[in-house]
Amino acid sequence: MRFGRLCELRYAKRSLCRRTMSASLNLPGTADRFDSRTVMLKGDGLPALMGQSALTVARVEGREDLCDLFEYRVTLKTPDSLNAVSGPAANLDMPALQGRELTIVIELDGSGTGRAARIGSGSREISGLVTEVKGPTSEGRCLAYTLTLRPWLFLASLTSDHKIFQQKTVIEILDELLVDYAFPVEKRLDVARYPAREYQVQYGETDYTFFKRLTEEWGISFFFEHSDGRHRLVLTDGNGAFRKPASAAYHAVRWHDSTGRIDEEHLYEFSTIDSLVSGAWVSNDYDFGKPRADLSVGTRDARRTAHAEHEVYEWPGDYTQPATGNDPWKEGDMLSRVRLETLRQHGTRAAGKGNLRGLPAGCTFTLAHHPQEAANTEYLVFATHLTLEDLAEESGQAQRWACAFAFEAQATKEVYRPGREVMKPRTHGPQTAMVVGPADQQIWVDEYGRVKVQFHWDRIGQRNENSSCWLRQSSAWQGNQFGASHLPRIGQEVIVDFMNGDPDCPIIIGRVPNRVNMPQWELPSQHALSGFRSKELHGERHNTFLQDDTDGQIQTQIGSDHHASLLSLGYITRVADAEGRKEKRGEGFELRTDGWGVLRAGQGMLVSTEARPDAQGHHKDMHETVQRLARADETQRSLGDQATHQKAQSGEQLDVAQALKTLSDEIRGKGEQGELSAPHLVVASPAGIVSAATETTHLHSGRHTAITTGGHLSMAAGKSFLGSVTDRAVLFAQKLGMRLFAAKGKIDIQAQSDDIEIIAQKVLKLISVSAVVEIAAKKEILINGGSSYIRINASGIEHGTKGSWRAHAALHEMPGPITLPYKLPALRPGYRAQYVLQNKTDGQAVPNFPYRIKTASGRVIAGLSNSDGETLELFSATAEDVTLDVPQPDSQQTEAWHLAGGGSNQIGRDYY
């Protein structure tokens with residue numbers, strides 16, 4: 001068997017051939033004269049037997065449409081010399097032709113007569129891949145085989161995929177899609193008009209279906225051109241890319257009535273079809289980056305017919321690219337114009353039949369000699385059906401061929417657009433995916449909290465930040481910078497759904513556990529626990545909000561592993577890790593931390609152990625505390641009155657009592673829930689309040705400190721009991737007197753700048769149990785009893801009495817003069833000073849402002865000025881200079897501080 005030979009057929013021209021688009025063939029009853037012409041099937045691998053072609057062409061039938069795959073069926077028969085039903089012709093290796101590119105060559109007569117004859121003569125090629133071989137079948141004395149030829153793009157229908165394309169234009173996507181097919185592609189496109197699309201998915205579609213869907217969405221037409229034994233795919237987005245046939249004989253095609261006869265290829269049927277179509281296309285879309293924008297677009301171009309203004313509305317328009325910076329209105333206008341052109345082209349079309357051999361789909365021609373003058377215009381052929389059939393009964397006879405050609409076309413003044421036949425695939429419910437990002441990150445989000453995912457079906461993604469577009473995640477609560485936020489982390493498995501079922505619009509709707517990401521607490525043993533448990537980025541610590549619904553032992557915990565900080569409420573158990581509940585720790589509440597703790601309330605705080613069963617009453621209710629404070633106020637006032645009456649003091653305690661009343665009034669407030677009208681801290685208990693510290697306890701009041709007790713006030717100190725007051729120290733005992741005992745050591749009472757008065761209503765005793773009573777004065781000692789007296793001074797001793805003077809002694813002596821010098825203790829007055837902070841602008845005192853005083857000896861005193869702008873008083877045994885520093889005022893203060901008492905921050909000695 002020899003390959004590479006040509007299969008030939010003898011072609012005889014027939015004046016009238018009729019063919020419908022459904023491929024039914026109506027042949028005339030009488031045969032006309034045929035001229036011999038050759039139709040050949042070329043290509044590698046065609047079989048040969050005994051030195052001659054093994055097969056001849058008996059029939060060619062096929063359809064070819066714009067924006068579709070052509071299909072031609074070629075029927076081949078064995079010649080008479082090889083017509084044995086059995087033998088080599090029945091065993092040709094026809095499957096070896098599968099996938100080979102073969103070319104049908106049809107010779108063309110051309111047009112014209114005389115000197116102008118055979119204009120456009122030559123041949124037409126139809127090339128395609130063998131995609132189906134059928135046979136052999138017996139047809140009379142011959143064996144027949146049928147080959148199906150389709151374009152190379154048919155191979156794309158044999159491959160399906162799930163594939164993601166990001167930040168590419170539709171042209172770039174088509175290039176990437178077709179790069180694996182080693183066949184020619186010619187682009188007659190305005191490439192710059194196509195915007196980049198953020199995210200496009202080939203979702204389980206064949207390469208061809210995806211290709212066809214994209215070209216339909218963007219109004220890109222495709223067809224095939226044939227030459228030099230090859231065929232190429234042509235992409236176009238405008239009528240200017242469609243060309244006239246290669247043969248000039250078909251640039252203008254004549255119409256001739258079928259009842260007549262003409263020795264020229266022509267059309268014997270031609271009719272225009274005018275349809276009522278919509279005249280407007282409007283669409284809308286949504287962009288979460290412009291949630292309030294009106295993104296509606298539309299194109300209106302109604303034909304000049306009645307009822308042509310009807311509008312088609314599409315939602316969603318699928319033209320927004322959220323958060324990419326694209327112009328949705330511009331892209332929407334482009335797509336709406338394409339959609340309307342797709343509708344409008346159906347308004348006027350044409351169909352015809354004839355015996356044309358050389359007018360393929362995708363070419364233009366001009367109709368001539370049609371009786372309807374308006375019909376004689378230029379048309380674009382967008383669908384054809386061609387049949388060539390040998391009518392001879394035996395292949396040895398001169399071949400008699402019938403040609404039938406039917407087509408559809410539209411005037412070239414209307415833009416041709418592919419119809420939207422392939423709809424975008426829709427997802428069938430949610431699916432899961434894995435959150436991905438850069439290798440050195442645990443969370444990878446944008447300003448919207450969107451994340452990237454790797455779909456399980458994605459074979460190309462590298463499980464990194466390039467695996468998908470940004471996906472928004474749904475939230476149970478989302479507002480303008482408020483709501484609930486739990487960002488998916490890299491490695492977590494999320495549930496992904498798709499807006500409107502569109503695979504190009506994924507959205508995360510939930511998360512699910514897997515073997516790598518197990519639930520927060522061990523299950524099923526810890527099924528009573530619910531809540532949130534986050535994890536430290538690049539660490540192992542957690543933050544927790546836990547609710548425990550164990551029967552009879554419910555609790556809530558809010559905690560952070562940082563410094564083991566935890567608020568526990570209810571039946572408190574230790575829940576330290578994923579193992580869940582452990583030992584019981586108590587009941588009630590606990591707020592604890594290994595770090596620092598602060599309770600702060602700007603308008604007041606109540607800490608109380610007063611019971612409010614089942615949380616009854618309003619939360620600031622403290623009527624018991626208010627009653628106790630009222631009794632304390634009365635105690636302070638009553639005892640203060642008595643101390644003043646007894647002249648133990650001059651009303652200072654009454655001033656304190658008045659301040660306490662003001663404080664109580666502010667704590668009481670006005671009306672229900674009016675308590676704490678000033679920011680007081682109230683600590684109250686119906687039992688006791690205990691404060692204990694291993695080191696130091698410090699209580700400070702900027703004004704008064706009052707301690708009121710209904711019983712004893714007891715103080716005990718392990719070392720010294722110390723008290724220092726600026727003005728006076730007064731102790732008043734109403735009933736049982738006072739006692740001052742020193743079990744060891746002396747009692748030292750001094751009035752360093754004034755008198756000491758010791759007054760008793762009855763007996764005044766000065767007793768030294770085991771030693772001496774010394775009475776000494778620098779100037780004079782006066783002892784008076786019942787008006788009798790003894791005056792002792794440096795001048796002498798004077799006795800005076802109105803009564804008798806007796807001296808009892810065993811011996812009376814009156815020696816000469818003598819004195820006994822007595823060293824009196826030195827009482828130094830010391831030094832003190834106090835300063836006032838004043839505003840330099842208006843001279844007003846500046847209260848509650850920080851200051852820092854440093855003495856020449858190195859002592860530092862820091863604090864806040866009091867309500868009168870005063871610093872603390874400074875005391876010193878010797879006179880020394882001090883430095884007073886205050887911080888710079890805030891930005892609203894434009895004048896420097898003025899320090900009263902010196903006029904400079906270097907304050908000289910102003911006390912002696």
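Please treat every number below as a calculation from the coordinates, not as lab data. Predicted model only: the values in this text are computed from it and were never measured. With ideal geometry, Cβ positions are generated from the backbone for all residues, glycine too; neighbour counts draw on all protein chains shown.
So who's got an amide H within less than 5 Å of the one on Arg533, skipping anything under 5 residues away but keeping other chains? H placed 1.01 Å off N, in plane.
Phe545
Describe numerically, in nm with one decimal, the distance between label points set 7 Å from Cα along Cα→Cβ at Leu681 and at Met715.
Placing both labels 7 Å beyond Cα along the Cβ direction yields 2.1 nm.
For P(r) over Cα pairs in 20 Å bins from 0, in percent, the listed values are [x] 11, 27, 24, 16, 10, 8, 3, 0; [y] 9, 22, 19, 14, 12, 11, 7, 4, 2, 0; [z] 11, 32, 32, 20, 5, 0; which was obtained by calculation from the structure presented?
For P(r) over Cα pairs in 20 Å bins from 0, in percent, the calculated option is [y].
List, in the order given, every pair from Lys647/Lys670; Lys134/Lys424; Lys42/Lys163; Lys765/Lys823 whose Cα-Cα distance in the structure shown is over 30 Å.
In this structure, Lys647/Lys670; Lys134/Lys424; Lys42/Lys163 exceed 30 Å between Cα atoms.
Set the Förster distance to 25 Å, then compute FRET efficiency between Ile797 and Ser768 from the Cβ-Cβ distance, nearest 0.05. Intermediate values should be presented prior to the final figure.
Numbers: r = 22 Å, r/R0 = 0.89.
My answer for the efficiency is 0.65.
Among Ala643, Thr342, Ser795, whose Cα sits farthest toward the positive end of the charge dipole of the chain (+1 at Cβ of Lys/Arg, -1 at Cβ of Asp/Glu, about the Cα centre)?
With unit charges placed on the Cβ atoms, the residue in question is Ser795.
Would you mind checking the tilt of helix 328-344 against the longest principal axis of the Cα atoms of the chain, expressed as 0 to 90 degrees and rounded to 10?
30 degrees
With a ≥ b ≥ c taken as the square roots of the eigenvalues of the C-alpha gyration tensor of the range 472-517, please select rounded if a/c is under 1.5 and otherwise prolate if a/b is larger than b/c or oblate if it is not?
Note, shape of the range 472-517 comes out oblate.
With an 8 Å cut-off on Cα pairs and a minimum separation of 6 or more residues, tell me the relative contact order of the range 238-311 in percent.
It comes to 25 percent, rounded to a whole number.
Under 5 Å between amide H atoms, partner at least 5 residues away or on a different chain: which partners does Glu269 have, H built in plane at 1.01 Å?
Lys353
I'd like the Karplus ³J(HN,Hα) series for the range 578-587: coefficients 6.51, -1.76, 1.60, θ = phi - 60°, whole numbers in Hz, and an x wherever there's a Gly or Pro.
5, 5, x, 4, 10, 6, 6, 10, x, 9
What list do you get for Arg728, Arg73 if you sort them by fewest beta carbons within 10 Å?
Ascending Cβ contact count within 10 Å gives the list Arg728, Arg73.
Kindly express, to the nearest 10 degrees and within the range 0 to 90, the angle between helix 623-645's C-alpha long axis and the longest C-alpha principal axis of the chain.
The angle comes out near 30 degrees.
Relative contact order for the chain: what is it in percent, counting Cα pairs under 8 Å that are at least 6 residues apart?
7 percent
Run the helix sum for the chain: -39,500 (n - 2.57) per DSSP H stretch of 4+ residues, divided by residue count, reported at 222 nm to the nearest 500 deg cm²/dmol.
Mean residue ellipticity at 222 nm (helix-derived): -3000 deg cm²/dmol.
State whether the range 677-818 is rounded, prolate or oblate according to the following rule on the C-alpha gyration tensor (a ≥ b ≥ c being the square roots of its eigenvalues): a/c under 1.5 gives rounded; otherwise a/b larger than b/c gives prolate, and the remaining case gives oblate.
Since a/c reaches 1.5 and a/b is larger than b/c, the shape of the range 677-818 is classed as prolate.
Relative to the longest principal Cα axis of the chain, at what angle does helix 652-668 sit, 0 to 90 degrees, rounded to 10?
On a 0 to 90 degree scale, this one is about 20.
Among rounded, prolate and oblate, which fits the range 297-368 when a ≥ b ≥ c are the square roots of the eigenvalues of its C-alpha gyration tensor, a/c under 1.5 means rounded, and a/b larger than b/c means prolate?
oblate
Amide H neighbours of Thr573 under 5 Å, counting only residues 5+ apart in sequence or on other chains, H built in-plane at 1.01 Å?
The list, which skips near neighbours in sequence, is Arg585.
So what are the ³J(HN,Hα) numbers for the range 604-611, from phi and the Karplus equation (6.51, -1.76, 1.60; θ = phi - 60°), rounded to whole Hz, Gly and Pro as x?
x, 9, 10, 10, 9, 10, 5, 6
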